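> Below you'll find the structure I mean.
The values are calculated or read from the model by the stated rules, or taken from the named source; none is laboratory data. All values derive from a computational prediction rather than experimental measurement. Glycine also receives a Cβ, built like all others from the backbone with ideal geometry; neighbour counts cover every protein chain displayed. Note: areas computed on protein heavy atoms with side chains; ligands, DNA, RNA excluded. Shrake-Rupley method; radii C 1.70, N 1.55, O 1.52, S 1.80 Å.
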Amino acid sequence: MAALLLNTGPGDEVIIPSFTFPSAANAFVLRGAKPVFVDIRPDTLNIDENQIEQGITARTKAIFLVHYASVGCEMDTIMAIARENGISVVEDNAHGLYGRYRGRYLGTLGQLATLSFHETKNFTCGEGGALLINDAQFKARAEILREKGTDRSRFFRGEIDKYTWVDVGSSYLPADLLAAFLCAQLEHRDQIQSMRRQIWEIYARELASWTEANGVRLPIVPTECEQSYHMFYLIMPSFESRQALISHLASFGILAVFHYLPLHLSPMGLRFGGRQGECPVTEDLADRLLRLPFFTGMSSSEQSQVIEAVRGFHC
């Protein structure tokens, strides 16, 4: 919907971090646009705001950024770059619902923002998502796109006497049962966030000495950011140590996984001109990142098992 609202089409380019899920690129590629991949910061794993301008051309339509692990990007700098170049900003806030940047909620800073309610997210209905509209110019058309390209909502409000097909669109509505399942979680968001915060902080506290002794890095959350505790990850010293820890944990029946592979080196990314060495931080950290089990209902005993297993591994 964001790609449609921005009238993205052939010849357009969109700035995207290489370290993200393919959905971000697909939304614009499906409209005929070209993704331009930008590297990430080594601390937060968010798009490197200092490298965005070098990717901008006269064809750039938008900057599509990701608040990785619910830690906000450097939005003041990014929004200033967007204003100077007359381009839009779309926030991929799949990880960061209720996170904040300098006191402002993530997802309220760009012109548009997207949320995910996939099963891995803090608030879930299995699949689906939401579009946040922070620029009034997009509101009326978004309603039409969401209603299969019709002005059906205006008809239900009594503004017109019949509705018809007026624009492109599709079926973006969640089923009522899924929406109800999601709504109940949102009503208990404080409780859910409190549980997730406790799990995250226990990991950080209990693994601090182990990480220091083994050359492993914990997540970094800048002081201007308030995360929403979406995940807990480790940056291992090498690819080999990452894989060894995954195997070590698996021997205890514990599933630990890596995360995104660099989009610019994927088969599709190579078709758009991606090349080895183009995003060196992404290439390095994608090989070394490991995510520990993390979910709202995780019990203290389950978490203790994970922590003890990790402590039993030496790089």
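> If Y203 satisfies every condition in (1) of a type in the set (S, T, Y); (2) under 20 Å from S18 (Cα atoms); (3) not in a loop (DSSP other than H, G, I, E, B) but one, which is the exception?
Here Y203 clears every test but (2).
> Out of the residues in the range 39-59 that are of a type in the set (A, V, I, L, M, F, W, C) and touching a residue at least 12 places away in the same chain (Cβ under 8 Å), state the one that is surrounded by the most Cβ atoms within 10 Å (Cβ to Cβ).
Residues of the range 39-59 that are of a type in the set (A, V, I, L, M, F, W, C), as a first pass: 40, 45, 47, 52, 56, 58.
Filter once more, keeping what is touching a residue at least 12 places away in the same chain (Cβ under 8 Å): 40, 45, 47, 52, 56.
On the way: I40: 26, L45: 26, I47: 29, I52: 24, I56: 18.
So the residue we want is I47.
> Could you please find all residues in the range 149-180 being buried (at least 16 other Cβ atoms within 10 Å of the Cβ) and either outside any loop (DSSP other than H, G, I, E, B) or out of contact with any Phe, Trp or Tyr (no Cβ under 6 Å at 6 or more places or on another chain) (or both)?
T150, R152, R154, G169, P174, L178 - these are the residues of the range 149-180 that are buried (at least 16 other Cβ atoms within 10 Å of the Cβ) and either outside any loop (DSSP other than H, G, I, E, B) or out of contact with any Phe, Trp or Tyr (no Cβ under 6 Å at 6 or more places or on another chain) (or both).
> With respect to A213, is the statement that it is of a type in the set (A, V, I, L, M, F, W, C), assigned to a helix (DSSP H, G or I) and in contact with a Phe, Trp or Tyr (Cβ under 9 Å, 6 or more places away or on another chain) true?
On the way: of a type in the set (A, V, I, L, M, F, W, C): yes; assigned to a helix (DSSP H, G or I): yes; in contact with a Phe, Trp or Tyr (Cβ under 9 Å, 6 or more places away or on another chain): no.
Here the answer is no, as A213 does not meet what is asked.
> What number of residues within the range 271-297 satisfy the criterion of being in a loop (DSSP other than H, G, I, E, B) and within 19 Å of G215 (Cα to Cα)? Quick ask: steps written out before the conclusion?
Taking the range 271-297 and keeping what is in a loop (DSSP other than H, G, I, E, B), we get 272-279, 292-297.
Filter again for within 19 Å of G215 (Cα to Cα), leaving 292.
Qualifying residue count for the region: 1.
> Please work out which one of (1) at pLDDT 95 or above; (2) farther than 23 Å from I220 by Cα; (3) under 23 Å from the mean Cα position of the chain (by Cα); (4) part of a loop (DSSP other than H, G, I, E, B) is the condition M268 fails and give its number.
Only one criterion in (1) at pLDDT 95 or above; (2) farther than 23 Å from I220 by Cα; (3) under 23 Å from the mean Cα position of the chain (by Cα); (4) part of a loop (DSSP other than H, G, I, E, B) is unmet by M268, namely (4).
> Is one or more of the residues making up the range 135-156 at positive phi and in contact (Cβ under 8 Å) with a residue 12 or more places away in the chain? Before you say what the answer is, go through the steps one by one.
Initial filter on the range 135-156 (at positive phi): 148-149.
Next cut, in contact (Cβ under 8 Å) with a residue 12 or more places away in the chain only: 148-149.
Looking for residues that are at positive phi and in contact (Cβ under 8 Å) with a residue 12 or more places away in the chain, one finds at least one in the range 135-156, hence yes.
> Still on this structure: When the range 272-307 is examined, which residues are found to be open to solvent by less than 20 Å² (accessible area, probe 1.4 Å), under 30 Å from H188 (Cα atoms) and touching a strand residue (DSSP E or B) at 6+ places or on another chain (Cβ under 9 Å)?
The answer is L290, L292.
> Would you check if V310 is hydrophobic (A, V, I, L, M, F, W, C) and open to solvent by 10 Å² or more (accessible area, probe 1.4 Å)? Before the answer, list the steps.
Numbers: hydrophobic (A, V, I, L, M, F, W, C): yes; open to solvent by 10 Å² or more (accessible area, probe 1.4 Å): no.
For V310, the condition - hydrophobic (A, V, I, L, M, F, W, C) and open to solvent by 10 Å² or more (accessible area, probe 1.4 Å) - is not met.
> Looking only at residues in the range 17-38 that are touching a Ser or Thr at 6+ places or on another chain (Cβ under 8 Å) and either aromatic (F, W, Y) or at pLDDT below 95 (or both), which one is most open to solvent (accessible area, probe 1.4 Å)? Full working, then the answer.
Going through the range 17-38, the residues touching a Ser or Thr at 6+ places or on another chain (Cβ under 8 Å) turn out to be 17-19, 22, 28, 31-33, 36-38.
Going one step further and asking which of them are either aromatic (F, W, Y) or at pLDDT below 95 (or both), we end up with 19, 28, 37.
Numbers: F19: 5, F28: 5, F37: 24 Å².
It comes out as F37.
> When you go through Y203, Y229 one by one, which is the residue that is within 22 Å of C73 (Cβ to Cβ) and in contact (Cβ under 8 Å) with a residue 24 or more places away in the chain?
Details: Y203 fails: within 22 Å of C73 (Cβ to Cβ).
Answer to the selection: Y229.
> Would you please list the contacts, defined by Cβ atoms under 6 Å and residues six or more apart or on different chains, that run from a residue in the range 252-275 that is at negative phi to a residue that is among the acidic types (D, E)?
Within 6 Å, the pairs are P262/E283; H264/E278.
> Right, here's the next one. Assuming S228 fulfils every condition listed in (1) within 22 Å of S70 (Cα to Cα); (2) assigned to a loop (DSSP other than H, G, I, E, B); (3) open to solvent by 50 Å² or more (accessible area, probe 1.4 Å) apart from one, which condition is it?
In the conditions (1) within 22 Å of S70 (Cα to Cα); (2) assigned to a loop (DSSP other than H, G, I, E, B); (3) open to solvent by 50 Å² or more (accessible area, probe 1.4 Å), S228 misses (3) alone.
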